[in-house]
Structures are given as structure tokens and as C-alpha cells.
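What follows is calculated from the coordinates using simple rules that are stated; it is not laboratory data. This structure is a prediction, so every number in the text was calculated from the model and none was measured. All Cβ positions, glycine included, derive from the backbone under ideal geometry; neighbour counts span all protein chains shown.
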Amino acid sequence: MSSGRRSSLSATLVAALFCTATLSVIAADWPQWRGLERDGRSTEAIRRDWDANPPAHLWTVEGMGRGYASVAVVDGRLYTVGNRDNAQCIICVDAESGRPIWSSKITDSVPRHDYEGSRSTPTVDGDKIYAVSSDGGIACLNLADGSPVWRRSFRDFGGQLMSGWGFSEGPLVDGDNVICTPGGPNAVMVALNKATGKDVWRCAMPRAEARGRDGAGYSSIVVSNAGGVKQYVQTVGHGVIGVRARDGKFLWGYDKVANDVANIPTPLVSGDHVFASTGYGAGAALLKLNKAGDGIRPEEVYFLQANVFQNHHGGMVLDGDVVYAGHGHGQGFPTCLNWRTGKVVWGGSRQRGPGEGSAALTQVGDGLLFRYQNGVLALIDASPQGYKLLGTLTPDYQEGDSWSHPVVVNGKMYLREQDRLMCYDVSASGN
């Protein structure tokens, strides 16, 4: 049985995680960046015979605004962020039809930076929704109608980016707090009360190491309990870091995966381990986090040079003992790595795949959705036994760089392409 086929035991573990989740959603929903567990994986079953039974195009709608943000889908509604109405807005539409429901501004004007447009996938929690604006701020709105609750500017925290491409983070809601990454030396990460937006703690960044740059990267926070310490793991300008959840104490940093342009992929966490990678010639590493007195000491298990593996952007998923991702700076070569050893199981630079450019990755059941920068979508078998292309799709519409990650909820695949949103039937029983 491949690592993509879940046993009854793993299903029980998934159910247990769902029962303790802080987000008030059902298992089929996709409430935030990379899904319920922020791991880029969905348990849905989708059709695998794309050549004989291709995804059916259901509709394409306009009105999402300009930007690269992906989507959140909860309780029949879809949410994204885009530049429209002379501002950056959260947009809510009906997930079944694409019919507009509401749009609400989270900035006072259109943010200006390179590659203009939104980046942040919003986070749905209970009756509220949160988003980071690309000009550096975080907003909380009422889910029902988009009415504002509170807003904070990253300027309050001395926020800064490692380069000028706009803040790109899906905020993390954990318990009573929402956590985000302004990137300032005295507040590289902050926790805010999710109801009021008031400060809970700020994490100061220790003196910078040689690698990377000051400021936030383009990644999103994930939760780890490595070494018996609950911590928030994030990739910033100086590499991957861990921050203690209860009080914001800086626990550890590892800068070998940092580059001096843009550190983008969200780290993978499992047990006492963290896997991190960036592009621009940096590479990848597996770390073991060991308890050390009142803190955590990162131990390098292995480091992979960039010619072996580097994920530019598009993300990575961990399935059992293997990591699936696109390898290569601006390439997206489909790749399967052994998580424990770093050995390339299949792919690497030997397998181009059907699209061009980097690939945004989402795992859905036993399939890997690779959405290439030129818009082409590939369905690849999620199996360590070997590379197997199950089918391809050229979407109804494409412009520029297709960087928004695909999302599948209730048998429907959503593809954001700047101002347009496309919906396809990919259900296992679809015709």
C-alpha cells in the first residue's frame, strides 16, 4: 500500500486532530492557507482518469480583484483577497455558483509594490475572517457580511520585508490569538487577541546571522510540539525559526536554508522534525528539534544542496515518509524525496512534467495537483513507487503567472487567476 493510501489508524488520527482543531469548520472545508492542518493536503477522493474523463468546467466568474491569493472555502462560501474598488479587499462568493455575496476593504488604497496584487489567503475562524494585506497589516472582519471588527498595521511593530514583493502570509488562528509575522527586529512575530487585535506578545529577533536578510519572508506559520514545547515555526529572511507559543520567546533559528532574495515555502513539521527549503540556490534541510533546558536546540539531520532539491515556491507536502514538491528554481520538476534520508525517490531534474515554471502543489487524496506557472494543471499519482502522470488540464482562462494554489472542496476544484475564479467538477463520481 502506498503512503498516499491511509490506513484505518491514520483515519483515526485525522479524526482526533479534527476534534481538537481551533477552527470551527467541518472536515471537508478548506478554512485557510494549505487547508485545515496547513499541510497542503485534502482527504477528498477525486477522479483519476483525467484523459478519459476530464474535469468538467462548471463556471468562470469575474470580480476577485487583482492578485495571487488562493481561496478559503467554508460552509458553502468561498473567500479570497484581491485589489478592487481602489483598495485591497476580502471577497466572498457562493462556492456553488460564484455569485457575489460581499466585498470589504482591508486597506485604504491599492498597495504598491513589485508584482502588485494580493498574496494572503484569508483564515476563517468561527464567525470571523482574518487576512494580511500585501502592504503590511492584518484585519479582522465579520464573516456574515464583511463588516470590519479591527485592523492593525505592521508599522506598529516596525515591520519589514526581506525584499519588496509585498507581505505574503496566511495568518494563523490558535486558541484566543491570531499570530502573524511583521518581520521587525523587535517583533519578527506577534500574537494578537483575535477578538480585539490587542497585543498578547511580541517576539524579538536575536542579532542577525550572516545568511539571508532582515525582515519577514513569504511563508506562513505552522505549529509544532517538538521537544515537548508548543512553538510556532516560520521561515523569515534569516531562515527558519521557532517561537514559543505561550509567551513569544525566540527558541531557535537555522539560517542555512536562507537566501538573500526571497524565502517562500511554508515549512513541514512532523513530530520532533522540521523540513525547510527555499529557492535562489539555497537548498533544503531536515532538522530535529531537541529539548535543551528551557529552550530548543535544532540539530541538522541532513542538508541538500540546491542541485539536489530546492523548492522555489509552490510548496511541499509530507505524506507518510515522503515529501512531494516541485524541484528547481523556477522549474517545478515533480519530485518525491524520502523524508528521513533526503534521498530522491523519483523525479528531480530528470522529470520535467507537462507545464512550465514553478508549480503550486496541493495533494487531494491519492493525487497531486501541480499547477504550473503557465496555467497547465497536472494530476500526478501520489505514490513513492514512481512518477505517473494521470492527466493534464489546460484551464478555461490564463494570464501572467498562475501562482494561486488549487483548492478542492466537495468535488469542486477552484482555480484563482487574478480577477477570475474558475470552478471544475473533479468528483470521483463526476461525468
Anchor Lys230: lysines whose Cα lies under 28 Å away (excluding residues fewer than 8 positions away in-chain): Lys128, Lys194, Lys198, Lys249, Lys256, Lys288, Lys291
About the Cα centre, charge dipole magnitude for segment 140-212 (Lys/Arg +1, Asp/Glu -1 at Cβ), debye: 240
Centroid-to-centroid separation of segment 40-78 and segment 402-431 [C-alpha atoms, Å]: 1
Over segment 80-230, relative contact order from alpha-carbon pairs under 8 Å, at least 6 apart, %: 16
Spacing of the two label points (7 Å from each Cα toward its C-beta) at Lys343 and Asp114, in nm: 3.9
DSSP-assigned coil residues among trypsin sites (Lys or Arg not before Pro) in segment 333-430, each with at most 14 further Cβ atoms within 10 Å: Arg340, Lys343, Arg352, Lys388
Neighbour cut-off at most 12 other Cβ (10 Å), DSSP loop, trypsin sites (Lys or Arg not before Pro), segment 103-160: Arg112
Assigned charges on the beta-carbon of Lys, Arg, Asp, Glu; segment 8-425 dipole about Cα centre (debye): 860
Answer label for semi-axes √(5λ) of the Cα gyration tensor in Å (calculated), chosen among (1) 33, 25, 19; (2) 29, 27, 20; (3) 29, 24, 22: (2)
Residue-wise HN-Hα coupling along segment 47-52, computed from phi with Karplus coefficients 6.51, -1.76, 1.60 (Hz; x: Gly, Pro): 5, 10, 9, 5, 5, 7
Centre separation in Å (Cα based) which lies between segment 163-183 and segment 272-300: 21
For Lys412, residues with placed amide H under 5 Å, excluding near neighbours: Val426
Helix-only [θ]222 nm of the chain, DSSP H runs n ≥ 4, -39500 (n - 2.57) each, per residue, nearest 500: -1000 deg cm²/dmol
Choice from Ser220, Ser104, Ser70 showing the highest fluctuation, given a GNM over the chain with Cα pairs closer than 10 Å: Ser104
Note, ³J(HN,Hα) from phi for segment 256-269, Karplus 6.51, -1.76, 1.60, rounded to Hz, x at Gly and Pro: 5, 8, 7, 10, 9, 10, 7, 9, 10, x, 6, x, 9, 10
Rel. contact order, % - alpha carbon contacts under 8 angstrom, at least six apart, segment 265-418: 14
Thr43/Val223 FRET efficiency (R0 22 Å; Cβ-Cβ; nearest 0.05): 0.70
Stokes-Einstein diffusion coefficient of segment 310-431, Kirkwood radius over Cα pairs, 25 °C, 0.890 mPa s, in µm²/s: 170
Relative contact order, percent, segment 8-425 [alpha-carbon distance under 8 Å, six or more residues apart]: 14
Nearest-0.05 FRET efficiency for Ser153 and Lys388, computed from C-beta distance (R0 60 Å): 0.80
Most mobile listed residue (Ala195, Ala87, Ala306) in the chain, GNM with C-alpha springs under 10 Å: Ala195
